[in-house]
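The values are calculated or read from the model by the stated rules, or taken from the named source; none is laboratory data. Computed from a predicted structure; not experimentally measured. So basically every Cβ, Gly included, is an ideal-geometry build from the backbone, and we count neighbours across all protein chains shown. Surface accessibility is based on the protein's heavy atoms, side chains included, excluding ligands, DNA and RNA. Shrake-Rupley method; radii C 1.70, N 1.55, O 1.52, S 1.80 Å.
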Amino acid sequence: MSEEAPSNIAELSVSELAANLKRTIETNFDHVRVRGELGRVTIARSGHMYADIKDDKAVLNTVMWKGSVQRLPFKPEEGLEIVAEGRLSIYAGRSNYQMIADFMRPAGAGALMALLEERKKKFAAEGLFDERHKKALPYLPQTVGVVTSPTGAVIRDILHRIRERFPVRVILWPALVQGDKAASQIEAGIRGFNALPEADRPDVLIVGRGGGSIEDLWPFNEENVVRAAFESEIPLISAVGHETDTTLIDFVSDARAPTPTGAAEIAVPVRSDLLIAIEDREQSLKRALARRVRHDRDRLRASRLPRLETLIAQKRQTVDYLETGLRSGLSSAIKTKQIHLTRAGARLRPEPLKTETRRNRQKLIDVAVRARPALSRIIESNRTALASEAKLLETLSYQATLDRGFAIVKDGAGKVLKDASEANADETLDITLSKGSLEAIVSGTKKAAAKKPPPKTAKNKPKPKSESKPPPQGSLF
């Protein structure tokens, strides 16, 4: 067999070939924009999104990292036509190429309108558009807050119209009103005004921008902006686009203006109109007051009140009648009391009182004479009984028992010992005698053994009682 000629092609490992391909693709396709329909869409627990962008002939695997997914202005769904921007790369582990997407948006106005309707239904179902959540605008605000671009025509139109109608303080919160970062800055403006101290907080807010396409106005359809407007404690006026433009913030705001200039007209009244209205009210009040004065004066004259002298004369006559009756009554009462006093004085003679006093004194003396012997007998009887009780108490007291030769024995804890077995060897005992006390140390205890009496034999006869020793003396306690 003939041998093949050796080739000059260098041998590469699989990893080296994959690295060369990856470098080539990432160099030549470092920034691409792709339009297609979303197929499979999966958002992993890590927050990264894995999707397929496809058309009728090919499929492109796409990866979007967590940070880019969080900045998406819409929710990626299968079947939605989108435009994605990013770079191509190779995943060597599966030998396939993929797109690392940095940005993604719906393709065309049709996709945005479909997404807008979807969000509108979602917010309506949550009750964000209900009229019961609408707050009343202040009639005459002292401070107006505006969230818009500081360089556009919107802020100039608002300032000009407020200056013409009713000059008040205007605070501008600069924010982009178009682009990827616009929604977050608009939200920050609404929430920032609400977070100000009460003294610096505006009385009403205006959020607006000029007209534009649906893509230009899309930041005002973002969920974070809509919810910030709904949660605003300050009444909010939306002024986005022209009169025919409609965004979701219009449905949650407390009032919608067709233009930014119209928002300024809604926010503040016309000062000249107020002055005219005040003057009209003033004239009306003056005319009403004059009519009331005339009416009251005519009614007073028509009432024909009596003269003051007549009213006083009637009251004086009544007082005279009462004075006459009072004097007559007092004289009659004095005479009656004098008669009663005379009769009582006749009954109050001193002789009966003195006789009664002497009789009661003699009774008291007689009782005292009779009571003295009886009291002496009672005292003597009680004294005899008390002496008898004292002798009995002395006989029964423990001191008398000690005088008869007994003693009280206590252990170291102060407990009275009644049995020799309760004492411990080498324990110090306190012995109380009739006169004085002493301490003793236990050297041993003896227990009486129960023994049977010995039989009566000639060798062991009982001793005569006269020779038996008396039993040892013990304690009564």
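As an exercise: evaluate Phe123 against (1) aromatic (Phe, Trp, Tyr); (2) assigned to a helix (DSSP H, G or I); (3) exposed (fewer than 12 other Cβ atoms within 10 Å of the Cβ) and give the number of the one condition it does not meet.
(3)
Is it fair to say Met64 is at pLDDT 90 or above, under 30 Å from Ala18 (Cβ atoms) and in contact with a Leu (Cβ under 9 Å, 6 or more places away or on another chain)? Walk me through how you get there before you give the answer.
Details: at pLDDT 90 or above: yes; under 30 Å from Ala18 (Cβ atoms): yes; in contact with a Leu (Cβ under 9 Å, 6 or more places away or on another chain): yes.
Taking the combined requirement at face value, the residue satisfies it.
Restricting to segment 227-268, name every residue that is within 41 Å of the chain's Cα centre (by Cα) and farther than 24 Å from Arg132 by Cβ.
Ala264, Val268
If we keep just the residues of segment 135-147 that are surrounded by 14 or more Cβ atoms within 10 Å (Cβ to Cβ) and in a loop (DSSP other than H, G, I, E, B), which is nearest to the chain's Cα centre (by Cα)?
Restricting attention to segment 135-147, the residues satisfying the condition of being surrounded by 14 or more Cβ atoms within 10 Å (Cβ to Cβ) are 135, 137-138, 141, 143-147.
Now restrict to residues that are in a loop (DSSP other than H, G, I, E, B): 135, 137-138, 141.
Values: Lys135: 27, Leu137: 31, Pro138: 31, Pro141: 33 Å.
Looking at the filtered set, the residue picked out is Lys135.
Looking only at residues that are open to solvent by less than 80 Å² (accessible area, probe 1.4 Å) and among the β-branched types (Val, Ile, Thr) in segment 47-71, which one is farthest from Glu37 (Cα to Cα)?
Among them, the one singled out is Val69.
Within segment 31-88, how many residues turn out to be in a strand (DSSP E or B) and closer than 29 Å to Glu187 by Cβ? Before you say what the answer is, go through the steps one by one.
So in segment 31-88, the residues in a strand (DSSP E or B) come out as 32-43, 49-54, 59-64, 81-88.
Narrowing further to those that are closer than 29 Å to Glu187 by Cβ: 33, 38, 41-43, 49-51, 62-64, 81-86.
So the answer is 17.
Give segment 191-227 a look and list any residue that's within 24 Å of Val69 (Cβ to Cβ) and either in a helix (DSSP H, G or I) or open to solvent by 50 Å² or more (accessible area, probe 1.4 Å) (or both), or say none. Break it down into steps so the answer makes sense when it comes.
Quick first cut of segment 191-227, residues within 24 Å of Val69 (Cβ to Cβ) only: 191, 214-227.
Hits for segment 191-227 are Arg191, Glu215, Trp218, Pro219, Phe220, Asn221, Glu223, Asn224, Val225, Val226, Arg227.
Taking the condition of being touching a helix residue (DSSP H, G or I) at 6+ places or on another chain (Cβ under 7 Å), of a type outside the set (Phe, Trp, Tyr) and either in a helix (DSSP H, G or I) or at pLDDT below 90 (or both), how many residues in segment 89-120 meet it?
So the answer is 7.
Report those helices (runs of 4 or more DSSP H) wholly inside segment 241-339 carrying at least 1 residues which are within 30 Å of Val204 (Cα to Cα) and free of Cβ contacts under 8 Å to residues at least 12 places away in the same chain. Walk me through how you get there before you give the answer.
On the way: elements: 249-252, 260-267, 271-303.
Filter on segment 241-339 gives 271-303.
Yes/no matrix, rows are residues, columns are (1) modelled with pLDDT of 85 or more; (2) assigned to a helix (DSSP H, G or I); (3) among the small types (Gly, Ala, Ser):
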{"site": "Ile378", "(1), (2), (3)": "yes, yes, no"}
{"site": "Ala385", "(1), (2), (3)": "yes, yes, yes"}
{"site": "Ala413", "(1), (2), (3)": "no, no, yes"}
{"site": "Ser443", "(1), (2), (3)": "no, no, yes"}
{"site": "Pro455", "(1), (2), (3)": "no, no, no"}
{"site": "Asn460", "(1), (2), (3)": "no, no, no"}
{"site": "Glu467", "(1), (2), (3)": "no, no, no"}
{"site": "Gln473", "(1), (2), (3)": "no, no, no"}
{"site": "Leu476", "(1), (2), (3)": "no, no, no"}
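Go through (1) under 25 Å from Pro219 (Cα atoms); (2) open to solvent by less than 70 Å² (accessible area, probe 1.4 Å); (3) of a type outside the set (Gly, Ala, Ser) one by one and return the number of the condition Arg35 breaks.
Checking Arg35 against (1) under 25 Å from Pro219 (Cα atoms); (2) open to solvent by less than 70 Å² (accessible area, probe 1.4 Å); (3) of a type outside the set (Gly, Ala, Ser), the one that fails is (2).
Considering segment 153-184 alone, what residues qualify as being open to solvent by 80 Å² or more (accessible area, probe 1.4 Å), farther than 13 Å from Val225 by Cβ and among the basic types (Lys, Arg)?
Arg156, Arg163, Arg169
Just the residues that are among the β-branched types (Val, Ile, Thr), in a helix (DSSP H, G or I) and farther than 13 Å from Met99 by Cα, please, taken from segment 9-26. Full working, then the answer.
Of all residues in segment 9-26, those among the β-branched types (Val, Ile, Thr) come to 9, 14, 24-25.
Filter again for in a helix (DSSP H, G or I), leaving 14, 24-25.
Of everything in segment 9-26, those that are among the β-branched types (Val, Ile, Thr), in a helix (DSSP H, G or I) and farther than 13 Å from Met99 by Cα turn out to be Val14, Thr24.
In segment 362-390, what count of residues is obtained for those that are aliphatic (A, V, I, L, M) and open to solvent by 70 Å² or more (accessible area, probe 1.4 Å)? Lay out the reasoning, then the answer.
Kept after step one, since they are aliphatic (A, V, I, L, M), are these residues of segment 362-390: 364-365, 367-369, 371, 374-375, 378-379, 385-387, 390.
Okay, now just the ones that are also open to solvent by 70 Å² or more (accessible area, probe 1.4 Å), so 364-365, 367, 369, 375, 378-379, 386.
Result for segment 362-390: 8.
Is it the case that some residue within segment 107-119 is in contact with an Asp or Glu (Cβ under 9 Å, 6 or more places away or on another chain) and within 25 Å of Val268 (Cα to Cα)?
No, the conditions are met nowhere in segment 107-119.
How many residues does segment 236-295 contain that are of a type in the set (Val, Ile, Thr) and open to solvent by 60 Å² or more (accessible area, probe 1.4 Å)? Show your work before the answer.
Applying the first criterion (of a type in the set (Val, Ile, Thr)) to segment 236-295 yields 237, 240, 244, 246-247, 249, 252, 259, 261, 266, 268, 270, 276, 278, 293.
Within this subset, residues satisfying the condition of being open to solvent by 60 Å² or more (accessible area, probe 1.4 Å) are 244, 246, 266, 276, 278, 293.
Adding up the residues that qualify gives 6.
When the residues of segment 73-120 are filtered to those that are in contact (Cβ under 8 Å) with a residue 60 or more places away in the chain, among the small types (Gly, Ala, Ser) and open to solvent by 30 Å² or more (accessible area, probe 1.4 Å), which remaining residue is nearest to Ala18 (Cα to Cα)?
Ranking the qualifying residues of segment 73-120, first place goes to Ala92.
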